[in-house]
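Structure record follows, encoded as structure tokens.
Each value in this text was obtained by applying a stated rule to the coordinates, not by laboratory testing. What you see is a predicted model; the values in this text were computed from it and never measured. Cβ coordinates were reconstructed from backbone atoms using ideal geometry, including for glycine residues, and neighbour counts include every protein chain displayed.
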Amino acid sequence: MHTEGVFAPETATAAGELYTAVGPAAQNSVRGAAKAMNFDSEEYDERVTNSVVATAHEAIFASMLEVTVGSAEEFETWCDDHPDYAQETIGSENVDRVVWHPVPFAETVVAATFQERTEAAVGTLRRQAFGSVYREVVTDR
């Protein structure tokens, strides 16, 4: 069992602050990508919309969420130790591994099962956690 990532906000306020903190990185990433694609200023204004920057902002935040990668048994033990948490699990129950992210302020743990592709499962879980828990908390500030 191991962890990956850096964001594990304990409160909705902390989640919002972390989300706000990565906003400039999102803007700079989009600007850098547009420059690498040789957008002139007219094309930049036309194609780099608020929605594009918001999508980058969400993706950067989600990609930094701390997750635990372990066996199905380790996840079951974690759940047994945290009986007050609702579980949102995606994937098949007939596989050996799980990646999960607890959200204390929502008393929820979001999990994704997988067999071999850890990186894909981690990415899927982070997007799922953002969409199901964090989006409404951090974007409605």
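Does segment 23-62 classify as rounded, prolate or oblate by the C-alpha gyration tensor (a ≥ b ≥ c root eigenvalues; a/c under 1.5 gives rounded; else a/b over b/c gives prolate, otherwise oblate)? Cα axes put segment 23-62 in the prolate bin.
Helix 72-81 and the longest principal axis of the Cα set of the chain meet at an angle near 80°.
At q = 0.16, 0.19, 0.22 Å⁻¹, what log₁₀ I(q)/I(0) does the chain have when each alpha carbon counts as one equal point scatterer in the Debye sum? Each listed q corresponds, in turn, to -0.84, -1.05, -1.27. Across segment 54-68, coupling constants 3J(HN,Hα) worked out from phi with the 6.51/-1.76/1.60 Karplus curve, θ = phi - 60°, read 4, 5, 4, 4, 5, 5, 5, 4, 4, 5, 9, 5, 6, 10, 10 Hz, and Gly and Pro carry x. Taking Cα atoms, how many degrees apart are the long axis of helix 23-36 and the longest axis of the chain, rounded to 10 and kept between 0 and 90? Relative to the chain, helix 23-36 is tipped by roughly 60 degrees.
Computed extension length for Glu17-Arg135: 41.2 nm, one decimal, from 0.36 nm per residue of separation with the Cα-Cα distance subtracted.
Taking the Cα atoms only, what angle lies between the long axis of helix 118-129 and the longest principal axis of the chain, rounded to 10 degrees? Taking the Cα atoms of the chain, the angle to 118-129 is about 80 degrees.
The stretch between Asn94 and Thr124 holds 9.0 nm of extra length on full extension. This uses 0.36 nm per residue minus the Cα-Cα distance.
Counting other C-beta atoms within 10 Å, and keeping those with at most 11, which DSSP coil GluC sites (Glu not before Pro) do you find in segment 75-141? It would help to have the intermediate numbers written out before the result.
On the way: sites: Glu76, Glu88, Glu93, Glu107, Glu116, Glu119, Glu136; in loops: Glu93, Glu107, Glu116.
Qualifying residues, ordered by number: Glu93, Glu107, Glu116.
Sorting Arg47, Arg97, Arg31, Arg126 from the fewest to the most surrounding beta carbons within 10 angstrom yields Arg47, Arg31, Arg97, Arg126. Approximating the spin labels as points 7 Å out from Cα along Cα→Cβ, the Ala86-to-Ala36 distance works out to 3.8 nm.
Among DSSP beta bridges lying fully in the chain, give the percent that are antiparallel, nearest 5. Intermediate values should be presented prior to the final figure.
On the way: 14 of 20 bridges.
Percentage antiparallel, nearest 5: 70.
What do you get for GluC sites (Glu not before Pro) in segment 6-44 restricted to DSSP loop and a cutoff of at most 16 other Cβ within 10 Å of the site's Cβ?
Numbers: sites: Glu10, Glu17, Glu42, Glu43; in loops: Glu10.
Answer in residue order: Glu10.
Max-minus-min Cα coordinates of segment 16-82 on each principal axis give 56, 24, 15 Å, with the largest extent listed first.
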